[in-house]
Amino acid sequence: MTIEETTEAPAAVVPGTTGPGSGRAFDVERVLAALTLEEKASLLSGLDFWTTQPVDRDGVAVPGVMVTDGPHGLRKQAESPDHLGLGTSVPATCFPPAATLGSTWDPALLRRVGEALGRETRANDVAVLLGPGINIKRSPLNGRNFEYLSEDPVISGELGAALVAGIQSQGVGTSLKHFAANNQEADRMRVSADVDERTLREIYLPGFERVVKKAQPWTVMCSYNKINDVYASQNHWLLTEVLRDEWGFEGLVVSDWGAVRDRVAAVAAGLDLEMPASGGRTDAEVVAAVRAGTLDEAVVDVAARRVLHLVARSLPALDAAAASGEGFDVDAHHALAREAAAAGTVLLKNDAVPAGSSGDGAPLLPLASADGVAVVGELARTPRYQGAGSSQVNPTRLDDALSALRAATGAEVPFAAGYTVDGADAGSGTDAAALLAEAVEVARAAGTVLVFLGLPASYESEGFDRAHMDLPAEQVALLEAVAAVNPRVVVVLANGSAVSVASWRHLAPAVVEGWLGGQAGGSAVADVLLGAVNPAGRLAETIPLRLEDNPSYGNFPGELGHVRYGEGLLVGYRWYDARQADVAYPFGHGLSYTTFAYDGVAAEVLRPDATAADDDAAHGAAVRVRVTVTNTGDRPGAEVVQVYVGDPAAQVQRPERELKAFGKVDLAPGESRELTLDLTGRDLAYWHPVLRRWVVEDGEFVVSVGASSRDLRGSATVVVDGEDVRLPLEPLSTVAEAMDHPVVGPHVQALVHGGGVADDMLGMIGDMPLTVVADFGMGGFDRDALTALLAEANN
Ligand code: BGC
């Protein structure tokens, strides 16, 4: 059927050309009704690497739109496309990657970063920015951790939602990725993440769920890997039952680039758009399947409608931007990138240096002045500011910390490279020993020495995982040599995920985790070192003492095509807390140049009968937490107040405590503020693996408020009138379970005790299935009695 043949529907398109700014709007339903099966199938894969398929024939004009990477900046490739960041792209602001943004714990800031990203996307005629990535940092070794926000789903979800809302406020879309359980790069295109449903529901999916429910990303990108043996791209449970039916996702699912193995199965599972182009091969497979009757054309219609809707909703902003020739404010975006990088910088350590030969009793930071300060480390001059791969942005400019320190202070600031990093030219004729010797001399002559250390690009990237958590050996050797001649050492780190600090941190009274700061990271670090910005970043991932302590150790990255998520729910701090294991720096940790006091931690149950379905503010808070925070120092600063919940008496194993809410508050010296943080019913719930639904159990919950997962400043216990969770009794239920049953329990107890079983014998028969007791005919209890008992119990 062509559009001319429809009698009741007038023209499906607004006539005109298909160029930007010329009014390309179209009516999705009318176009869909006008398309042939072949045309509909063609919409379901790309035209090329980055563009959706257009349809352009008599009466129907659907333009193709461009989608492009990546999370922390636009990677629009003018020519030679690739998904590994190899080819060049147009200049765009390189905001800090997610590792840094995650450490801000600041949704309002991420919303502003998102708005700026959206403006750049729109100004470049791009319909969808392929991000944010919100996969959980299961192992510090994941080569792509720099692109992810946290080891915790609440942080990932809250910050991810803020980014999505910000970007989409500009009339362009996002792609929430990589859905799901893509927590490593090794074998990422094939590996099966073998993970139980409860762990998926409580750890790996809820970040996605939160973003979908709060911000409705225009698209979700499925991951490459399998989940329990089913490719994400072909996973009906994931892409349709969970994502759409349960969470209410209204957008389109796009494949990761090259993630589709069986196109027909993928369409049936709910994968709408395959990227990049398949040269028509998979479109033909879809058509053939419909003709053969193995794929319902209605399913193709649904997917084609979603593609049309995506194109239609992006045209107004793109056309308006093209018509006005709008660009973006390079300076303002650079300034925002600098603000965000400083906000994500975490002051790990800032010990007072005892009065004596090397100190005056004060910590080294903030630097009192630049006088006598020297800088060591190539990374101060040649910054590592983003990760490699598909997210690699071509920055509009690039700040380095050395120049920034010099510019901010007007001081000369002596410098020695100390080592080389990938691609850095430390000067000809130098070798490692000479670089080290030069750095030692610079350090010896300095009052305070800033030592810049970090991971070279060759250590962490999309496409492969790290082999260990260590800094390059020559960098640690440099630190040791410097500290031997000058104990007033500040280490500044540049890395995309946790590095080992245990072997060297005693050498530096102050350690600053700068992550990968984006194009303005150099100035941002200078802002923090000089005290122009009071650090307020907090760790969104634990820094363990040893790689071997990490929960995924032994189960990462898997073997023979499978990776077993053996640690289950105990990811990140949940694991270290369960084992009461020491860590180098705990989740949520971060120091300030001021100090904060917490008072009056209280929790009040507002809705005692809250259920797990109450998962948003619309239902009202279930529990309200209050705390008063005071800035007890002499500088303005921001504190991140963290609320953790534990359910000590649950029927199932639950983590010791889990982050459920947080708030960042700016306080002037001496200022106090009361914060109110609300918990929903869902914040108290766990996923019941047998009932396969969320459950809020009856009873006590412990609400703790603190400055990190290990620095709890107060707690309160609340009692909630939740469910008395019971599984139906069945033949394989045990004697103990039957004795505990509210209806038949007394009867069974009487039977057991009447049968002469003494209390100290109960342990022996308590675990016996009822059916076995009946088969033995113990105490006259037979199969008929069992049937009657079950009927009574389950009615
Ligand atoms: C990455 C995605 C990216 C896509 C397009 C893939 O290799 O996993 O995150 O958006 O390439 O470059």
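Stokes-Einstein D for the range 452-538 at 25 °C, 0.890 mPa s, Kirkwood Rh over Cα pairs, in µm²/s?
So the translational diffusion coefficient is about 176 µm²/s.
Let me confirm the definition first: pairs of Lys residues in the chain, 8 or more apart or on different chains, C-alpha distance under 28 Å. How many are there?
Lysine pair count for the chain: 26.
Over the range 225-266, what percent of the accessible surface lies on carbon and sulfur atoms, probe 1.4 Å?
So the carbon and sulfur contribution to the accessible surface is 43 percent.
Which helices count as membrane-span-like in the chain under these terms: full DSSP H, at least 30 Å along the axis by C-alpha, Kyte-Doolittle mean of 0.5 or more?
Long hydrophobic helices here: 297-324.
For the range 556-670, taking Cα atoms only, what is the radius of gyration to one decimal and the Dmax to the nearest whole Å?
Spelled out, the Cα radius of gyration and Dmax of the range 556-670 are 18.4, 59 Å.
Compute, for the range 542-607, the length of the dipole vector about the Cα centre, with Cβ point charges of +1 (Lys, Arg) and -1 (Asp, Glu) only. Units Debye, rounded to 20.
About 140 debye.
Using 1/(1 + (r/R0)^6) with R0 = 25 angstrom and r between the beta carbons of Thr717 and Ala597, what's the FRET efficiency to the nearest 0.05?
0.65
List the relative contact order of the range 29-92 as a percent without decimals, with contacts defined as Cα pairs under 8 Å and 6+ residues apart.
Dividing the mean separation by the residue count of the range 29-92 yields 19 percent.
Given 0.36 nm per residue, what is the gain on full extension from Asp351 to Glu700 after removing their alpha carbon distance, in nm?
Result: 121.7 nm gained on full extension.
Report the full-extension gain for the segment Gln653 to Arg281: residue separation times 0.36 nm, less the Cα-Cα distance, to one decimal in nm.
129.0 nm
Tell me the volume per residue, in Å³, of the convex hull enclosing the alpha carbons of the chain.
199 Å³
For the range 503-567, what value does the Rg/Rh ratio take when both radii are computed over Cα atoms and Rh is the Kirkwood radius, given to two decimals?
1.14
I need to check one value: relative contact order of the chain, counting alpha carbon pairs closer than 8 Å and at least 6 residues apart, in percent.
12 percent
In whole Hz, with x marking every Gly and Pro, tabulate ³J(HN,Hα) for the range 269-276 from phi via Karplus 6.51 cos²θ - 1.76 cosθ + 1.60, θ = phi - 60°.
Those phi angles translate into 7, x, 8, 7, 10, 8, 10, x Hz.
Roll a 1.4 angstrom probe over the protein heavy atoms and tell me the percent of accessible area of the range 310-463 that is carbon or sulfur.
Roughly 51 percent of what the probe reaches on the range 310-463 is carbon or sulfur.
Under a 5 Å amide H to amide H cut-off, with H placed in plane at 1.01 Å, what residues pair with Ala388 once short-range neighbours are removed?
Here the answer is Glu462, since their amide H atoms fall under 5 Å of that of Ala388.
What per residue convex hull volume, in Å³, do the alpha-carbon atoms of the range 40-186 yield?
Output value, Cα hull per residue: 127 Å³.
If you take all C-alpha pairs in the range 621-768, what percent of them are over 20 Å apart?
Roughly 62 percent, once rounded to a whole number.
In debye, nearest 20: dipole of the range 120-250 around its Cα centre with unit charges on the Cβ of K, R (+) and D, E (-)?
Approximately 200 debye in magnitude.
Using only the alpha carbon atoms of the range 308-415, find the Kirkwood hydrodynamic radius as the inverse mean reciprocal pair distance, in angstroms to one decimal.
By the Kirkwood definition, the hydrodynamic radius is 18.3 Å.
To two decimal places, what compactness ratio does the range 373-414 give when its Cα radius of gyration is scaled by 2.2 N^0.38 Å?
Against the empirical 2.2 N^0.38 Å value, I get 1.39 for the range 373-414.
Leaving out ligands and nucleic acids, and using a 1.4 Å probe, what accessible area per residue does the chain come to in Å²?
Averaged over the residues of the chain, the accessible area is 36 Å².
Rg and Dmax of the range 604-672 over Cα atoms: what are they, in angstrom?
In Å, with Rg to one decimal and Dmax whole: 15.9, 48.
Roughly how many nanometres apart are two label points built 7 Å out from the Cα toward the Cβ at Leu37 and Asn794?
It works out to 4.6 nm between the two label points.
Skipping prolines and chain starts, which residues have an amide H placed within reach, meaning under 5 Å, of the one on Val253, given they are 5 or more residues away or on another chain?
Those lying under 5 Å, H to H, from Val253 are Val220, Asp272, Leu273.
Charges only on Cβ, +1 for Lys and Arg, -1 for Asp and Glu: so what's the dipole of the chain about the Cα centre, in debye to the nearest 20?
Its charge dipole is roughly 1420 debye.
Only loop residues by DSSP count here, and only those with at most 11 other Cβ atoms within 10 Å; note down the trypsin sites (Lys or Arg not before Pro) in the range 653-725 that meet that.
Arg692
Sort 152-159, 198-205 for me by packing, meaning the mean count of neighbouring Cβ atoms within 10 Å per residue, highest on top.
The peptides rank, most packed first, as 152-159, 198-205.
With no solvent and one point per C-alpha, what does the Debye sum give as log10 I(q)/I(0) for the range 260-324 at q = 0.27 Å⁻¹?
With no solvent term, the Cα-only Debye profile gives -1.17.
Just from the alpha-carbon atoms, what are the Rg and Dmax of the range 247-288 in angstroms?
10.6, 34
What full-extension length gain, to one decimal in nm, is calculated for Glu412 and Glu29 as 0.36 nm per residue of separation minus the Cα-Cα distance?
131.2 nm
Which percent of the accessible area of the range 670-789 is formed by carbon and sulfur heavy atoms (probe 1.4 angstrom)?
Roughly 54 percent of what the probe reaches on the range 670-789 is carbon or sulfur.
Tell me the relative contact order for the range 120-242 as a rounded percent, counting alpha carbon contacts under 8 Å between residues six or more apart.
Once normalised by length, the contact order is 29 percent.
What residues have an amide H closer than 5 Å to that of Lys226, excluding those fewer than 5 places away on the same chain, when H is modeled at 1.01 Å from N in the peptide plane?
Val191, Ser192, Ala193, Ala232
Sort the following peptides by mean Cβ neighbour count (other Cβ atoms within 10 Å, averaged over residues), highest first: 633-639, 700-706.
700-706, 633-639
For the range 111-233, report the convex hull volume of the alpha-carbon atoms normalised per residue, in Å³, without decimals.
Taking the convex hull of the Cα positions in the range 111-233, it is 97 Å³ per residue.
The values are calculated or read from the model by the stated rules, or taken from the named source; none is laboratory data. Quantities reported herein were computed from a predicted structural model and do not represent experimental measurements. Note: ideal-geometry Cβ built from the backbone for every residue, glycine included; neighbour counts use all protein chains shown. When the accessible area is computed, the model is the full protein with side chains, heavy atoms only, and any ligands, DNA or RNA have been set aside. Shrake-Rupley method; radii C 1.70, N 1.55, O 1.52, S 1.80 Å.
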